[in-house]
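Presented below is the structure to which this report refers.
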Amino acid sequence: MASKTPTPALIQARQWGRIEVFPSAVGAIAAHAAMGCYGITGMAARGLRDGVAELLRRENAARGVVVVEIDGGLGIDLFVIVQYGIRISEVAHNLQQTVKFAVERSVNVPVAQVNVNVQGVREERR
């Protein structure tokens with residue numbers, strides 16, 4: 001579970017003061033990047049209720065992300081629901097690269113790993 005206080009990797013001392021980025025902010029960045037990936041229907045709540053994934057609304061998407069410190073970098077766990085009929089391995093690989101790039105660009109902290117947990121598959125309705 002993500003802690004409420006920033007990890008040492010997310011705290012930087014500067015000439016004029018200190019910069020802190022909370023894990024929840026990193027989670028929001030990761031969730032936003034994930035929602036823009038092809039094949040991702042939405043973010044899912046961690047864990048399953050009665051074997052069914054809970055699709056989160058856009059404003060709660062960060063609840064589907066866990067951020068932890070790993071060896072001076074960050075480890076990010078994503079819980080997602082993918083679109084039916086698309087190769088899950090390709091969607092997951094694209095998601096890993098996209099989230100890693102977005103987080104590293106935004107907070108200037110290396111991302112050691114991005115773990116994708118597919119909680120469900122959903123058919124898009126038009």
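The values are calculated or read from the model by the stated rules, or taken from the named source; none is laboratory data. Note that the structure is predicted; figures quoted are calculated from it, not measured. Glycine gets a Cβ as well: all are built from the backbone with ideal geometry, and neighbour counts include every protein chain shown.
Part of a helix (DSSP H, G or I) and surrounded by 14 or more Cβ atoms within 10 Å (Cβ to Cβ), is that true of ALA25?
Numbers: part of a helix (DSSP H, G or I): yes; surrounded by 14 or more Cβ atoms within 10 Å (Cβ to Cβ): yes.
Taking the combined requirement at face value, the residue satisfies it.
Would a scan of segment 84-102 turn up a residue that is among the hydroxyl-bearing types (Ser, Thr, Tyr) and crowded, with 18+ Cβ neighbours inside 10 Å?
Within segment 84-102, one or more residues are among the hydroxyl-bearing types (Ser, Thr, Tyr) and crowded, with 18+ Cβ neighbours inside 10 Å.
If you take the residues of segment 67-83 that are buried (at least 18 other Cβ atoms within 10 Å of the Cβ) and within 13 Å of the chain's Cα centre (by Cα), which of them is nearest to PHE22 (Cα to Cα)? Outline the logic, then answer.
Initially, segment 67-83 is screened for residues buried (at least 18 other Cβ atoms within 10 Å of the Cβ), giving 67, 74, 76-82.
From what is left, the residues that are within 13 Å of the chain's Cα centre (by Cα) are 67, 74, 76-81.
Working: VAL67: 10, LEU74: 12, ILE76: 13, ASP77: 16, LEU78: 17, PHE79: 19, VAL80: 22, ILE81: 25 Å.
So, considering only residues that are buried (at least 18 other Cβ atoms within 10 Å of the Cβ) and within 13 Å of the chain's Cα centre (by Cα), the one nearest to PHE22 (Cα to Cα) is VAL67.
How many residues, within segment 28-39, are buried (at least 17 other Cβ atoms within 10 Å of the Cβ) and more than 10 Å from ALA61 (Cβ to Cβ)?
Here the count works out to 4.
Return the residues of segment 40-58 that are surrounded by fewer than 18 Cβ atoms within 10 Å (Cβ to Cβ) and modelled with pLDDT under 70; say none if nothing qualifies.
LEU48, ARG49, ASP50, GLY51, VAL52, ARG58
Quick one: what pairs do we get from segment 12-41, first residue at negative phi, second of a type in the set (Ser, Thr, Tyr) and at pLDDT below 90, C-beta under 8 Å, 6+ apart or different chains?
Once the first residue is at negative phi and sits in segment 12-41, its partners that are of a type in the set (Ser, Thr, Tyr) and at pLDDT below 90 give PHE22/THR5; PRO23/SER3; PRO23/THR7.
Evaluate segment 95-107: report whether one residue or more is assigned to a loop (DSSP other than H, G, I, E, B) and modelled with pLDDT under 95. Quick ask: steps written out before the conclusion?
Within segment 95-107, the subset assigned to a loop (DSSP other than H, G, I, E, B) is none.
No, that holds for no residue.
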